[in-house]
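Student: Below is the structure I would like to discuss, written out as structure tokens.
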Number of protein chains: 6
Amino acid sequence: MNVVMTGIPRVPLQIARAFAPYGVATVHEAQGRTGLMASHMRPIYGGAKLAGSAVTVSIPPADNWMLHVAVEQCQEGDVLVVAPTSPCETGYFGELLASSLAARGVVGLIIEAGVRDVAALGEMKFPVWSKTIFAQGTVKETLGSINVPIVCAGQIVHPGDLIIADDDGVVVVSRRSAEVVLKASEARERKEEATRARLKAGELGLDIYGMREALAKKGLQYVQAPAED
Amino acid sequence: MNVVMTGIPRVPLQIARAFAPYGVATVHEAQGRTGLMASHMRPIYGGAKLAGSAVTVSIPPADNWMLHVAVEQCQEGDVLVVAPTSPCETGYFGELLASSLAARGVVGLIIEAGVRDVAALGEMKFPVWSKTIFAQGTVKETLGSINVPIVCAGQIVHPGDLIIADDDGVVVVSRRSAEVVLKASEARERKEEATRARLKAGELGLDIYGMREALAKKGLQYVQAPAED
Amino acid sequence: MNVVMTGIPRVPLQIARAFAPYGVATVHEAQGRTGLMASHMRPIYGGAKLAGSAVTVSIPPADNWMLHVAVEQCQEGDVLVVAPTSPCETGYFGELLASSLAARGVVGLIIEAGVRDVAALGEMKFPVWSKTIFAQGTVKETLGSINVPIVCAGQIVHPGDLIIADDDGVVVVSRRSAEVVLKASEARERKEEATRARLKAGELGLDIYGMREALAKKGLQYVQAPAED
Amino acid sequence: MNVVMTGIPRVPLQIARAFAPYGVATVHEAQGRTGLMASHMRPIYGGAKLAGSAVTVSIPPADNWMLHVAVEQCQEGDVLVVAPTSPCETGYFGELLASSLAARGVVGLIIEAGVRDVAALGEMKFPVWSKTIFAQGTVKETLGSINVPIVCAGQIVHPGDLIIADDDGVVVVSRRSAEVVLKASEARERKEEATRARLKAGELGLDIYGMREALAKKGLQYVQAPAED
Amino acid sequence: MNVVMTGIPRVPLQIARAFAPYGVATVHEAQGRTGLMASHMRPIYGGAKLAGSAVTVSIPPADNWMLHVAVEQCQEGDVLVVAPTSPCETGYFGELLASSLAARGVVGLIIEAGVRDVAALGEMKFPVWSKTIFAQGTVKETLGSINVPIVCAGQIVHPGDLIIADDDGVVVVSRRSAEVVLKASEARERKEEATRARLKAGELGLDIYGMREALAKKGLQYVQAPAED
Amino acid sequence: MNVVMTGIPRVPLQIARAFAPYGVATVHEAQGRTGLMASHMRPIYGGAKLAGSAVTVSIPPADNWMLHVAVEQCQEGDVLVVAPTSPCETGYFGELLASSLAARGVVGLIIEAGVRDVAALGEMKFPVWSKTIFAQGTVKETLGSINVPIVCAGQIVHPGDLIIADDDGVVVVSRRSAEVVLKASEARERKEEATRARLKAGELGLDIYGMREALAKKGLQYVQAPAED
């Protein structure tokens, strides 16, 4: 059965926006190294970054009908997250759909398939993370579902989950733990800042993290290279 | 037998140039979703775009001798299209061959193999769409053929066919239908412009394209998400 | 047994720096088309270029402990070269380790695995060539070795070997032949410059390289394309 | 936090065993074309087939410690389903672990990583579906979790879900719907049997399924091939 | 426009059957190393071999409607050759369609996509060469074309062309040159038989083919390995 | 410069043959988890196994001339190990070369490229581990080198090194350590046998290896699954 769940709960906008200073790597660490989509999800242009609540789309291969249905379910600050039910590269999404989403305040698209019109999307500054870039068109014949749990690039995404994406990839934060992860990200960033300053000053991680003893215990040997012949 | 077909018919320059406003996705749609090369054909730098007549090269794996032969067959506005007879990544093409092609007015290269000197090619603004970037050199021992029909990245290319390439990939337009496809691209673009304006104004594709009834007929259900616990 | 070889011999800094004008393709040709890493080693941002002596790291999959050990073994002008003992994509390296390496004068990283914080690395101008970009974190549990011979992306790298990397990829020059290869690169470049000028002026490679006779001997046929119907 | 959930509910053995006549393709169709793992999950030998309740393992890359923990949680008729938290090919599993699982009545392994000792596993008739075959060993340093929901090869697997696997791949049936899907599989098989008989007798699907009118309506044209010249 | 070409010319049955003793490698060599499909086209079981005339199908991604149309166009000795218009892995074909084709005397299937029910197909001895094995189902919504020229796995296939397939892969022989290629295959086989006998008797290819002089001329050096220390 | 090293030292035949009972996984573990070739090296038929001294070939892409040169350098018990200087899939090797090698007592081929005539090779019981199966032919134009160190599938192979291959893949044992590794393999096998017996009897690895305390110390929690609703 194909359904559109309407009126899903989301992460509050001010929480999502508070993630702006924290990258995917930081958030992923802050929530215990979970939630990271596969590395084949790449941004179509460098320097993009987003944080927003997921509107999920389970979609048939090579058929983008449900994307038009999904637009209506989107609101300010949302991120569209799309996974086909069978792996494909078809170009489900281009400039027209982006114009429509942008008009509703959607901040970007995550799609485990193809995207096209990437030059125009770059000019519009509508960021997309996708599996591939491919101009191949789709049909509009078969239903899918909106705002059901999906698996996208190896991660479960529930509607309303928080999506963070940047040049490092895409990470999913469960809606209910968004605030906790935000605090953990802040804490991690603060700690890293202190470490970064010491490293820049030339101190070694070996000393800052106190690793020398543990390495020796595991049996690491230091050996002088033989003199050059 | 290895041949060089000389004096092939081409798409008139003014027709090729008239494709400038139309991207790969538009042209591919305008000719009925055909002619698109595989998504592994990527530009070596962003923002490049070309339209020109194909000079085709069927070339042995890891041997670029025939590229030197091909240069002489090229003229103003041509695009060199190269496919090896066995899949390989070797770097067939670099700055020197690009200088030679540029001197003859060739507008770019499509090669289902490797290319090198990509920094220099970027500075020269000589655009290349290739399967990979690889500095590995070739030998010059074995013949191939010039201006015979080839299969490049999954598409048949006849000598003189029109090649359009941009950030979305590469599409082949049969020489004889170039003018028809140009008109269809213009028509499609005009239509999209109107739609784009309406979408930007916040109208929904669901309404513009009149999809609601068909979706309901297929059985799409709208369900209110349960109140949050 | 896990060892750290200390005080390895290196290519003199002035020799490494003298490679600045020569790209990977040139150096690879100049040393007889050897030493090129596989094409999946790509720079995280365009336009980067480095030449320096290798500090090598053989590292367990998904465990970056030894990178902290490696930092201490690095000095001005070095390049860190890292290969896991089993293929993986984990993000071994990010901004903190880069800060630490930069503080010691290290000029870049070559890693046949994942890297993260790529936006920050781009801002710092710390160049990395890697197999993938992936935010997935590592553990610190298992030893590896530093400055032992490794295989990275299909090439043997000995500690102290010269590494050249640019937009075309990564090439390894044996430490002892660095000076010879430098001279050969200069010679090749000089020769190419002359050829480039002639090609830009419209001369054909067929004539410059005197290929016509050899092609005819191999049986290449020139055939006039049939008149268009 | 790393947990081992003990005493999970399972699909009753007699239900699981009743799936014996139905292949992956049938079950996947019978439950509405859902639940299919990615096509890279391949059996290590031909002709294997299993149906059983999942004991799930979320495991660190290149570290098989938790497999030893998992064995104790397995019982007669179970299937071990293993997904690493970061993609890797390491050989987590071989003959010794298989002996241990077989002693407990486990019917097979599904692992999105590597497996080794495949000749011995074939002789033991212990079936495995894996991403790759690779002899590379693992460490035993880092915890994971047992019987938590995991994503394996693109599908969510909950502990106790029913796993069906054969030469076509692997499909997941939610524990609670196992009985319903069993009935639907039986029904589908019965229907297919009738169709199969008619097709073998030479009737056409075009007629059996009554497709001719719909095809004509969509505009399909039949054209006589030109006489041979 | 979607068409079904009916009554296409084919290679005579007795010619096709005369190819039985010659493998793909032999035929491919005999016709000048052309016509070979990409190496990702693999048989679903070992030891299969076929030779027959192609009925070609250009098919939408993830939609197998046209396969039902194609069955009616097939006759004794035909090979169905199927290529989707966009790359996909969907399982277009299984036991039912095979039963239908077998009833018409079709000798096998070549498909650049997925196939399912492979255990049953093996029992039926209905050979298939495919890109992947995947149980994922298709829809029946969109038209394609039958008996038009297609590109399948990198090769142009015209309706009626001869297809030879075995454990080495798939090769296409143009319909009009089938007889010539048959003779060339026979000649090649006869010649190889003589060489094989001499090689088995211990003669060297270096001597049989008279390569020693050419190797020396190219500069090959024989050097005695240093005595072991 | 291209050389053929003659008269290389090898691992004594009786040592190589003594490896017969030990598989790739065992040998790889016994020598400290080193020497394993990449998982893309697969046997062309199941159940094959070999152990022998390497005759190495560094070979140009798509050119098999040097294989004919290599045959003469082979003797009873050798394994031919071939790596192209640039990645390719070409079918370098088939039945004729196998006949020639078999006549000299060569026990198999390891090639990081393509092989053909696999049905015939299976009938001859000439085992091959390769990157792919591909009928595409090669030329004979360019020299390579014999019995120089090569990198094959990620491992350094020196001439005379011991190669062990089975259904799990291929492992390289340095010539000088062959005897030590043989002893270590025997020891490992003996130890595993004892463990295997205990595991088959139903004892748990958790207890045999005494893991429970270490797991608890790392913080592993056992939690009873909630009663089913």
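Student: Quick check on E:Val128: is it at pLDDT 95 or above, open to solvent by less than 30 Å² (accessible area, probe 1.4 Å), under 27 Å from B:Glu112 (Cα atoms) and in contact with a Leu (Cβ under 6 Å, 6 or more places away or on another chain)?
Tutor: no
Student: Okay, moving on. With the requirement that a residue be more than 29 Å from D:Gly32 (Cα to Cα) and of a type in the set (A, V, I, L, M), what does the stretch A:1-16 give you?
Tutor: Hits for the stretch A:1-16 are A:Val11, A:Leu13, A:Ile15, A:Ala16.
Student: Could you tell me how many of the residues in the stretch A:173-197 are within 19 Å of C:Asp117 (Cβ to Cβ) and either among the polar types (S, T, N, Q) or in contact with a strand residue (DSSP E or B) (Cβ under 8 Å, 6 or more places away or on another chain) (or both)?
Tutor: The qualifying residues number 4.
Student: Out of (1) more than 14 Å from chain F (Cβ to nearest Cβ); (2) open to solvent by 10 Å² or more (accessible area, probe 1.4 Å); (3) of a type outside the set (Lys, Arg); (4) in contact with a Cys (Cβ under 6 Å, 6 or more places away or on another chain), what's the single condition that is false for B:Pro61?
Tutor: Of (1) more than 14 Å from chain F (Cβ to nearest Cβ); (2) open to solvent by 10 Å² or more (accessible area, probe 1.4 Å); (3) of a type outside the set (Lys, Arg); (4) in contact with a Cys (Cβ under 6 Å, 6 or more places away or on another chain), only one is false for B:Pro61: (1).
Student: Exactly one condition in (1) of a type outside the set (Asp, Glu); (2) more than 9 Å from every other protein chain (Cβ to nearest Cβ); (3) open to solvent by less than 40 Å² (accessible area, probe 1.4 Å); (4) without any contact (Cβ under 8 Å) to a residue 24 or more places away in the chain is false for E:Leu220; which is it?
Tutor: (2)
Student: Here's a follow-up. Being hydroxyl-bearing (Ser, Thr, Tyr) and either closer than 30 Å to F:Met1 by Cβ or within 14 Å of chain B (Cβ to nearest Cβ) (or both) is the filter here, so list the residues in the stretch F:42-58 that pass it.
Tutor: Matches in the stretch F:42-58: F:Ser53, F:Thr56, F:Ser58.
Student: Checking D:Gly144 against (1) open to solvent by less than 60 Å² (accessible area, probe 1.4 Å); (2) away from chain C (no Cβ under 14 Å); (3) not β-branched (Val, Ile, Thr): exactly one of these is not met. Which one?
Tutor: Result: D:Gly144 fails condition (2) only.
Student: Which is surrounded by 20 or more Cβ atoms within 10 Å (Cβ to Cβ) and out of contact with any strand residue (DSSP E or B) (no Cβ under 8 Å at 6 or more places or on another chain), of F:Glu95, F:Glu89?
Tutor: Step by step, each of F:Glu95, F:Glu89 is checked, and only F:Glu95 is surrounded by 20 or more Cβ atoms within 10 Å (Cβ to Cβ) and out of contact with any strand residue (DSSP E or B) (no Cβ under 8 Å at 6 or more places or on another chain).
Student: Continuing with this model, one more query. Checking the conditions here, which among A:Leu206, A:Leu215 is surrounded by 15 or more Cβ atoms within 10 Å (Cβ to Cβ) and either touching a helix residue (DSSP H, G or I) at 6+ places or on another chain (Cβ under 6 Å) or in a loop (DSSP other than H, G, I, E, B) (or both)?
Tutor: The conditions single out A:Leu206.
Student: In addition: Every residue in the stretch B:148-185 that is buried (at least 17 other Cβ atoms within 10 Å of the Cβ), of a type outside the set (S, T, N, Q) and part of a helix (DSSP H, G or I), please.
Tutor: Those that are buried (at least 17 other Cβ atoms within 10 Å of the Cβ), of a type outside the set (S, T, N, Q) and part of a helix (DSSP H, G or I): B:Arg175, B:Ala178, B:Val181, B:Leu182, B:Ala184.
Student: Kindly list, by first and then second residue, each pair from a residue in the stretch F:164-184 that is closer than 11 Å to F:Ile15 by Cβ to a residue that is of a type in the set (D, E, K, R), limited to pairs with Cβ atoms under 9 Å and residues at least 6 apart or on different chains.
Tutor: Matching pairs, first to second residue: F:Val173/F:Asp161; F:Arg175/F:Arg10; F:Arg175/F:Asp161; F:Ala178/F:Asp161.
Student: Please find, within the stretch C:64-86, the residue that is surrounded by the most Cβ atoms within 10 Å (Cβ to Cβ) out of those that are more than 14 Å from chain D (Cβ to nearest Cβ) and assigned to a strand (DSSP E or B).
Tutor: C:Val81
Student: Please go through the stretch B:123-142 and give me each residue that is under 13 Å from B:Ile110 (Cα atoms) and among the hydroxyl-bearing types (Ser, Thr, Tyr), ordered by number.
Tutor: Matches in the stretch B:123-142: B:Ser130, B:Thr132.
Student: With (1) more than 14 Å from chain C (Cβ to nearest Cβ); (2) under 23 Å from D:Asp117 (Cβ atoms); (3) open to solvent by 10 Å² or more (accessible area, probe 1.4 Å); (4) not aromatic (Phe, Trp, Tyr) as the list, and D:Ser39 as the residue in question, which single condition is left unmet?
Tutor: (2)
Student: Being within 14 Å of chain D (Cβ to nearest Cβ) and open to solvent by less than 40 Å² (accessible area, probe 1.4 Å) is the filter here; which residues of the stretch F:1-30 pass it?
Tutor: Selection gives F:Tyr22, F:Gly23, F:Val24, F:Ala25, F:Thr26, F:Val27, F:His28, F:Glu29, F:Ala30.
Student: Being more than 17 Å from D:Pro43 (Cα to Cα), touching a Gly at 6+ places or on another chain (Cβ under 9 Å) and either more than 10 Å from chain F (Cβ to nearest Cβ) or in a helix (DSSP H, G or I) (or both) is the filter here; which residues of the stretch D:88-104 pass it?
Tutor: Selection gives D:Cys88, D:Leu96, D:Leu97, D:Ser100, D:Leu101, D:Ala103.
Student: Condition first: at negative phi, of a type in the set (Lys, Arg) and touching a helix residue (DSSP H, G or I) at 6+ places or on another chain (Cβ under 8 Å). Can you find one or more residues in the stretch F:7-29 that meet it?
Tutor: yes
Student: Among the numbered criteria (1) open to solvent by 10 Å² or more (accessible area, probe 1.4 Å); (2) closer than 30 Å to D:Gly47 by Cα; (3) in contact with a helix residue (DSSP H, G or I) (Cβ under 6 Å, 6 or more places away or on another chain); (4) more than 14 Å from chain A (Cβ to nearest Cβ), which one does E:Arg116 miss?
Tutor: The one condition E:Arg116 does not meet is (4).
Student: Taking the stated definitions as given, is B:Gly108 more than 30 Å from E:His28 (Cα to Cα) and crowded, with 24+ Cβ neighbours inside 10 Å?
Tutor: yes
Student: Among the candidates D:Lys131, D:Lys218, D:Lys183, D:Lys200, single out the residue that is farther than 30 Å from D:Val3 by Cβ and under 21 Å from the mean Cα position of the chain (by Cα).
Tutor: D:Lys183
Student: Here is a list: B:Arg196, B:Arg188. Which entry is open to solvent by less than 90 Å² (accessible area, probe 1.4 Å), assigned to a helix (DSSP H, G or I) and within 9 Å of another protein chain (Cβ to nearest Cβ)?
Tutor: B:Arg196
The values are calculated or read from the model by the stated rules, or taken from the named source; none is laboratory data. Note that the structure is a prediction, hence the values are computed from the model and not measured. Note: ideal-geometry Cβ built from the backbone for every residue, glycine included; neighbour counts use all protein chains shown. To get the accessible areas, we keep the full protein, side chains included, count just its heavy atoms, and leave off ligands, DNA and RNA. Shrake-Rupley method; radii C 1.70, N 1.55, O 1.52, S 1.80 Å.
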